[in-house]
There are 2 protein chains.
Amino acid sequence: RLKCGESSKESSRCSTPVLDADRTDRLRDKMKRRIESGDHWFSLEFFPPRTASGAVNLISRFDRMGSGGPLFIDVTWHPSGDPGSDKETSSMMIASTAVNYCGLESVLHLTCCNQTKEKITAHLNKAKRLGLKNIMALRGDPIGEDWVEEDGGFNYATDLVKHIRCEFDDYFDICVAGYPTGHPEAESYDNDLRHLKEKVDAGAHFIVTQLFFRAETFLRFVKDCRAIGITCPILPGIFPIQGYHSLRQLVKLSKLEVPEEIMQVIEPIKDNDAAIRSYGIQQAVEMCKVLLASGEVPGLHFYTLNREVATIEVLRQLGLWAEDPRRPLPWAVSAHPKRKVEDVRPIFWASRPKSYIYRTQDWDDFPNGRWGNSSSPAFGELTDYYLFYLKSKSPKEALLQMWGEELMNEGSVYEVFTNYITGQTNPSGHKVMCLPWNDDALAPETNLLKDELEKVNRRGILTINSQPNINGKPSSDPIVGWGPAGGYVFQKAYLEFFTSSENVTALLQVLKKYEPRVNYHIVNVQGKNITNAHEMQPNAVTWGIFPGREIIQPTVVDPVSFMYWKDEAFALWIEQWVKLYEDESPSRMIIQYIHDNYFLVNLVDNDFPLDSCLWQVIEDMFALLDSPRATQEEGSQS
Amino acid sequence: RLKCGESSKESSRCSTPVLDADRTDRLRDKMKRRIESGDHWFSLEFFPPRTASGAVNLISRFDRMGSGGPLFIDVTWHPSGDPGSDKETSSMMIASTAVNYCGLESVLHLTCCNQTKEKITAHLNKAKRLGLKNIMALRGDPIGEDWVEEDGGFNYATDLVKHIRCEFDDYFDICVAGYPTGHPEAESYDNDLRHLKEKVDAGAHFIVTQLFFRAETFLRFVKDCRAIGITCPILPGIFPIQGYHSLRQLVKLSKLEVPEEIMQVIEPIKDNDAAIRSYGIQQAVEMCKVLLASGEVPGLHFYTLNREVATIEVLRQLGLWAEDPRRPLPWAVSAHPKRKVEDVRPIFWASRPKSYIYRTQDWDDFPNGRWGNSSSPAFGELTDYYLFYLKSKSPKEALLQMWGEELMNEGSVYEVFTNYITGQTNPSGHKVMCLPWNDDALAPETNLLKDELEKVNRRGILTINSQPNINGKPSSDPIVGWGPAGGYVFQKAYLEFFTSSENVTALLQVLKKYEPRVNYHIVNVQGKNITNAHEMQPNAVTWGIFPGREIIQPTVVDPVSFMYWKDEAFALWIEQWVKLYEDESPSRMIIQYIHDNYFLVNLVDNDFPLDSCLWQVIEDMFALLDSPRATQEEGSQS
């Protein structure tokens, strides 16, 4: 029995109502559970990009492909590309981004050939520090022609597996490679199988195979593995043929033979990319169906070649792609083990979750259940915020097309915001697909408020964040639902915008009528802060009630972190918008003026069961501004 | 700025959304706030009882009079009654009970005359340890006729005030006594005023006066105090005349003179208690009205003589009695400073809150926001539970009249439970006013379920705790409301009962149909535990949403503490019921049989927006038991 005063770390009690066992379990446990339940999975393999913009694209792809529900993704190790470095294109950083920012269970490849133990240990320590928990242990290709075994060095993947287990005990889940037709350098197929058995015996938890073209190749391989006592999961590597040249190149590298029946189909259509891709999808689907039907295959591993169309299509046809992914929380959960209990965040970063994760990456504890002392107001410095994956995905010229080559006045800015909301093209014929505060199109939830948002943006209420009030919708609701089945979700209406100081003066007048129903925080770039909320008390604006659990309240309006968000929100005017224009240009001066003089306002309507009153607040503000007060005063004097 | 990892103790952030500043503020701050807002208060003085049963009665009176909203109560110090001891009747224990179990801000009197510094310090240390924060510092009456000042001893209350401030710095709020007509032993009125000024200058925070009979006496006294520079609050001591003899005795003790106009009214009716009390109420009301109207009186202090009728009537007529007290939480909050952040408790002790407080009094931390690792499953031993204020308020013979002098069978027990629910008299003509698990009449909230409860108790579902589902009622709702204004409260339907193992077998069959809507825990006295809930995950069954705050979830069904409650719930059959009967008597054997063989069941309907399905669950159970299964089986064979 526990004694009073034991710390949470030592306690066997849940300190959090973890919504999803998947968030905390190890990859091997997740596999075990899926195998027991007969629930087939898929996983996706990517290689690191060559360029920074390639990295930005790959990360967007992670987000999109992550929504389909892969059990894990893996990132290959490119020995020639400084794979363990801090470069934004390194294997290490790409895998870390997948875990931390995209919330994906990730496996980092690691090759040991020609490496010192110290170097390997350093890589593993770094991976651990970054939150990676799974390693694909490979020998890798020797450098140079005349490779010879080194005594005491890493000669085989088995040596790496042993090293990981020896140095890191049980910390990492380990994957090893299997070769359904034998490793090209192996003395024999049987010999190769024995090597695989050695790797597993050394401590590997599962096997992913090299690609192959016939289901029976894999099934015979599994049978042979089982015969010599390999019992761990064996996942077939699936390669949907996506083009003639990529196939040729891969075959050459992997020293595989493409079966005659496939070459006969492909050769005649080798210049027709669409036809080849279509064939590749069909061929992969048929093979996968045979594999899954065999009962020997718990999950499929896809070699994506960093492309998404073919793989997604194969998965769709197999019924493995999650068309309507359930969200465990209303925001994207990070997969870093340190953050596994995290279940509360300030609403301000709703459209910039990666920025929030980045700025809080050094926290030791994460808010859990309540936004309180467990959260630290020590947000990372804003000077770091231009880290590559926090930047806009769009190049400068696209931004200029969307946000205006030349701004005439503040009204031009109102138009940009309005066009973003409505999705209409601007006078130069371009759609505004993003804003500095929203790198993606409107969320489906925000779409519910589209008409009202359009109206107020047109008049200079420059909205950057909002949510409708929700009075108990099922947790399965396709737009606002999140969390486990059988629950109910709730929201208080929220609206956040930039607006002029004239508007703020009128707004403050109007808000008196809405006490205590509406809470507000109003702040300018200098930090002048006007609020009617408790200075330390957060306001829960999203919460959910679920069977057999405590209440989850995943988003709050927190007065302290709003001041950190404020710095970021104002800085985005400068970093993303002002910098598009020439020094001293009128466009630049207009944005700079807004940055210097506008206020950032957030409003919460606490009375969530009623229709939101926030639109009426704005209406009242405009009515007050429009009222002929001067005239009235003159009138009363006459 | 705070750094990551700082503990809650050092953090300036709220670790809890404390609902009510009154819960955490010091008495002097509460007074200050009430004075500033012009919100008059009252306080109540009691003396310690002579007997244990007197103590039980007084504590019930604390609960009743506490509901009217006194700012504080105070307990006098009886030097001859071992006032600092652990006896249930000591001043110390009565004041401690008021704080800890009745949640009342309490002032403990302390007299210093003929006491050593060590003794006084020991008393103060003990008071502090018990959660007392306020001391009324008095000289007390010297023992013996020929009292002389001791050098360096406690000769005056001023010495005690100085000692408290010297030894305990600012820890205690200190009250001192004022004498509107001068202390009987004082050389002169002016001299007495100077003594009072000394006491205040030594560190007292407010003054309570001796009783008086004319408003102008007090108002002149306040004026004189202000004139010599006494600025702290001065509270008039109000004594509603309640009887001829008590008046005479008090006057004799306090050496006060009763004004002629009062004696003239009272003497002729001195044998008519009702008439005197009625006059006393009228006289007190009129005097209080003058006092309050003067603008000099922020609050009234009542000498209750441990009676409630007259004082409550005066307060009602003055409009100071809180007719519909707002509950900060759905359970009675303890006033111990260590518990000030506590805002979650298991629902099991809903009818035995004092037992819960007692059994958790040694906890260092209290659950705050979430029932998790901050709560300790180390509940106090059950062997202590017979502590006097956890016992039934009723004497043995009353219990026998209610629960049956002689039980015939289990059905007799069902009848007792049913009569408790319906409020009907039993065959011997007595109403069942309490049960071992419920020392009071049905809560208004439980009354909402009366018809269903009656039906199921009649058939052997022996309910001991229940709540209806509530889907968002205003926090001001007179029956189920709690917490600050402008909020909404919610509940999941809950039902807890003892029932036979046959019923449990059928119930378990039926409950399969209600997965995952209904969570259950079913346990017998040996601890055999059947549940479909997570073994560590509490289920929030009462929660509230308030303007500008995080979610409050004050009651949970917690699997771990249910096992502690189970021991208490089963033990109450033995301690309170079995022990009423002779050894080996049939009545005793029936209760013992139930104790040994019945199960304790709790059910939660998670789907709070729908009508509770728990009654249907019970219906289905009875239907299954009634179904002619044996007949059907025979039929199918024929």
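The values are calculated or read from the model by the stated rules, or taken from the named source; none is laboratory data. This one's a predicted model, so the numbers in the text were calculated from it and none came from an experiment. Ideal geometry is used to build each Cβ from the backbone, glycine not excepted, and the neighbour counts take in all protein chains shown.
Results, tabulated for the structure shown:
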{"quantity": "Residue selected from segment B:531-586 under the condition among the basic types (Lys, Arg) and more than 10 Å from chain A (Cβ to nearest Cβ), by the criterion surrounded by the most Cβ atoms within 10 Å (Cβ to Cβ)", "calculated": "B:566"}
{"quantity": "Residue in segment B:252-267 that is under 30 Å from the mean Cα position of the chain (by Cα) and assigned by the TED database to the domain that holds residue B:48 present", "calculated": "no"}
{"quantity": "Tabulated pairs, segment A:591-613, first farther than 16 Å from residue A:559 by Cα, second acidic (Asp, Glu), C-beta under 6 angstrom, 6+ apart or interchain", "calculated": "A:612/A:605; A:613/A:605"}
{"quantity": "Given (1) outside any loop (DSSP other than H, G, I, E, B); (2) touching a Phe, Trp or Tyr at 6+ places or on another chain (Cβ under 9 Å), number of the condition residue A:57 does not satisfy", "calculated": "(2)"}
{"quantity": "Residue within segment A:224-238 that is closer than 19 Å to residue A:306 by Cβ and loosely packed, with under 13 Cβ neighbours inside 10 Å present", "calculated": "no"}
{"quantity": "Residue B:313, sole failed condition from (1) under 16 Å from residue B:69 (Cβ atoms); (2) in contact with a Pro (Cβ under 6 Å, 6 or more places away or on another chain)", "calculated": "(2)"}
{"quantity": "Sole exception among (1) in a strand (DSSP E or B); (2) touching an Asp or Glu at 6+ places or on another chain (Cβ under 7 Å); (3) closer than 19 Å to residue A:327 by Cα for residue A:465, by number", "calculated": "(3)"}
{"quantity": "Selection from segment A:587-610 of residues that are touching a Leu at 6+ places or on another chain (Cβ under 6 Å) and more than 14 Å from chain B (Cβ to nearest Cβ)", "calculated": "A:587, A:590"}
{"quantity": "Filter result for the condition that a residue is buried (at least 17 other Cβ atoms within 10 Å of the Cβ), within 30 Å of residue A:357 (Cβ to Cβ), at pLDDT 85 or above and not β-branched (Val, Ile, Thr), over A:466, A:375", "calculated": "A:466"}
{"quantity": "Scope segment B:537-555; condition in a strand (DSSP E or B) and over 19 Å from residue B:609 (Cβ atoms); matching residues", "calculated": "B:552, B:554"}
{"quantity": "Residue that is nearest to the chain's Cα centre (by Cα), among those in segment B:65-111 that are under 26 Å from residue B:32 (Cβ atoms) and among the charged types (D, E, K, R)", "calculated": "B:105"}
{"quantity": "Verdict on residue B:472 being surrounded by fewer than 22 Cβ atoms within 10 Å (Cβ to Cβ) and within 14 Å of another protein chain (Cβ to nearest Cβ)", "calculated": "yes"}
{"quantity": "In segment B:283-308, the residues that are in contact with a helix residue (DSSP H, G or I) (Cβ under 8 Å, 6 or more places away or on another chain) and free of Cβ contacts under 8 Å to residues at least 40 places away in the same chain", "calculated": "B:285, B:289"}
{"quantity": "Unmet requirement for residue A:544, which otherwise passes all of (1) at pLDDT 95 or above; (2) over 24 Å from the mean Cα position of the chain (by Cα)", "calculated": "(2)"}
{"quantity": "Every residue from segment A:521-530 that is surrounded by fewer than 21 Cβ atoms within 10 Å (Cβ to Cβ) and either within 14 Å of another protein chain (Cβ to nearest Cβ) or within 26 Å of residue A:489 (Cβ to Cβ) (or both)", "calculated": "A:527"}
{"quantity": "Answer residue from segment A:475-507, given it is more than 11 Å from chain B (Cβ to nearest Cβ) and of a type in the set (Gly, Ala, Ser) and is nearest to residue A:624 (Cα to Cα) among those", "calculated": "A:506"}
{"quantity": "Residues of segment A:569-619 classified as over 23 Å from residue A:381 (Cβ atoms) and of a type in the set (Phe, Trp, Tyr), total", "calculated": "6"}
{"quantity": "In segment B:185-206, the residues that are in contact with a Ser or Thr (Cβ under 6 Å, 6 or more places away or on another chain) and of a type in the set (A, V, I, L, M)", "calculated": "B:202"}
